[in-house]
Amino acid sequence: MLGNVPDYKLFKYNLHDRKSKSGINNSCNYPHKAVTIDVDGNCMICSCDGWLPISVCRIDDIETLDQIWNNPLAEKIQKDVDSKKFTWCSVDSCGIRKRDQIIKQHYVSVNVDESCNLACPSCRRSKIYRTDGEQFLARKKKTEHLLDLVNRFDKPIEIMMSGNGDPFASLIYRPLLLGMEPKENFNVRFLTNGLLLKKLMPKMKIKENIKYLDISIDAGDRKTYEKLRLGGKWDSLIENLNYVKQNMDSRVTLKFVLQRDNLASLDNFVALLEEYNFNGNIMPIEDWGVMPDFQSANIFSESHPDHPIMKKKLDQYRNHPLLFFHSI
Ligand SMILES: C[S@@+](CC[C@H](N)C(=O)[O-])C[C@H]1O[C@@H](n2cnc3c(N)ncnc32)[C@H](O)[C@@H]1O
Ligand code: SF4
Ligand code: SF4
């Protein structure tokens, strides 16, 4: 199996025990239906490529989406998970110890490019935006191929983009964005900074298929927003939120990665949710190895001076009907 772990995933692979487990009686069908596709076209058959970082094939090498789940390596993993051995699974992270992991429709998480119009300090040290060159062309070719596979797939499916880069800003995602065809049993979930929604949505054919629209904003006021979403303008965000409110039927969630510099903005974030009647999702900041001093931003650490204020604030909003707390 080790030979099928992408090099950059070896660290994650080695973090967990990759031996046969016992005593887990819950069931999981992700290896039969889910895939996460990375920048090199590696296909990892779980909803999170960090949990099962084994590439069963490359997107360039297949002619139908079904081939992702129907090949010898995929079948080996499926057999292992079906028999509840979970040999290669990160069972302490993925939730299988606590509950079944069952999805009804196929699920494709597309993470094929890091390009973005912003440079949020929690995510990257400087702006990444590919517009040409060998890598750009190779990645674009992969997305064009993926587009063809997705448009020809006739079973119920959810497409999610993206966990890296911005699906609306990246020119590598653009063929998917503009070329995906509407059809029955086809749901799309976008995770985006939302700043290009108003510009690009009218050009897309799948507006009605966008079931979930997750917009990361990390703030409730101009000053905090323009600091933490570097390159983003508050007026542009509001313009796009207004567009969404007036033109879209998707379930909208505004996302907030809680850290030292936006704790004081939380009240305004909640006020914004109430004004638009959007859902809100608060998540802890993680160390992505890009912040010069992660510890000073990490108010989740009990030794951080702002930790008690954070706890009090979170308790205040714990039962708010529009708020959902992720891993907090
Ligand atoms: C990398 S972004 C890609 C999608 C899109 N560009 C966006 O911002 O929503 C995915 C999510 O990661 C979040 N994020 C960024 N830096 C983070 C960090 N250090 N810890 C946890 N989440 C982070 C973003 O706020 C966003 O919700
Ligand atoms: S058991 Fe966990 S790691 Fe394994 S496939 Fe299911 S969700 Fe993924
Ligand atoms: S908008 Fe998303 S991808 Fe872009 S820099 Fe910010 S968190 Fe990263």
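Below, the figures for the structure above:
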read-out: Residue satisfying all of: in region 211-234; acidic (Asp, Glu) and out of contact with any Leu (no Cβ under 6 Å at 6 or more places or on another chain); farthest from ligand 3 (Cβ to nearest atom) among these; value: 221
read-out: Residue in region 8-29 that is surrounded by the most Cβ atoms within 10 Å (Cβ to Cβ), counting only those that are small (Gly, Ala, Ser) and out of contact with any Asp or Glu (no Cβ under 6 Å at 6 or more places or on another chain); value: 20
read-out: Hits in region 299-328 - residues which are at negative phi and among the small types (Gly, Ala, Ser); value: 301, 303
read-out: Complete set of residues in region 32-53 that are in contact with a His (Cβ under 9 Å, 6 or more places away or on another chain) and away from ligand 2 (no atom under 13 Å from the Cβ); value: 41
read-out: Meets criteria (of a type outside the set (Val, Ile, Thr), more than 12 Å from ligand 2 (Cβ to nearest atom) and at pLDDT 95 or above) for residue 80; value: no
read-out: Identity of the residue in region 267-291, within 15 Å of residue 227 (Cβ to Cβ) and not aromatic (Phe, Trp, Tyr), that ends up farthest from ligand 3 (Cβ to nearest atom); value: 268
read-out: Residues (small (Gly, Ala, Ser) and surrounded by fewer than 21 Cβ atoms within 10 Å (Cβ to Cβ)) located in region 190-249; value: 231, 236
read-out: Criterion (away from ligand 2 (no atom under 16 Å from the Cβ) and over 19 Å from residue 310 (Cα atoms)) met by exactly one of 249, 267, 261, 287; value: 249
read-out: In region 189-222, residue farthest from residue 168 (Cα to Cα) [restricted to those that are out of contact with any Phe, Trp or Tyr (no Cβ under 9 Å at 6 or more places or on another chain) and not in a strand (DSSP E or B)]; value: 208
read-out: In region 96-132, residue farthest from ligand 3 (Cβ to nearest atom) [restricted to those that are under 28 Å from residue 23 (Cα atoms) and buried (at least 16 other Cβ atoms within 10 Å of the Cβ)]; value: 96
read-out: Matching residues, region 141-183, being assigned to a helix (DSSP H, G or I), under 26 Å from residue 46 (Cβ atoms) and without any contact (Cβ under 8 Å) to a residue 60 or more places away in the chain; value: 143, 144, 147, 148, 151, 175, 177
read-out: Helices (runs of 4 or more DSSP H) (entirely within region 245-328) containing at least 3 residues that are farther than 27 Å from residue 188 by Cα and without any contact (Cβ under 8 Å) to a residue 12 or more places away in the chain; value: 307-317
read-out: Residue satisfying condition, being farther than 27 Å from residue 200 by Cβ and among the charged types (D, E, K, R), within set 275, 239, 286; value: 286
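The values are calculated or read from the model by the stated rules, or taken from the named source; none is laboratory data. Keep in mind that what you see is a predicted model, and the values were worked out from it rather than measured. Quick reminder, even Gly has a Cβ in these numbers, built from the backbone with ideal geometry, and neighbours come from all protein chains shown.
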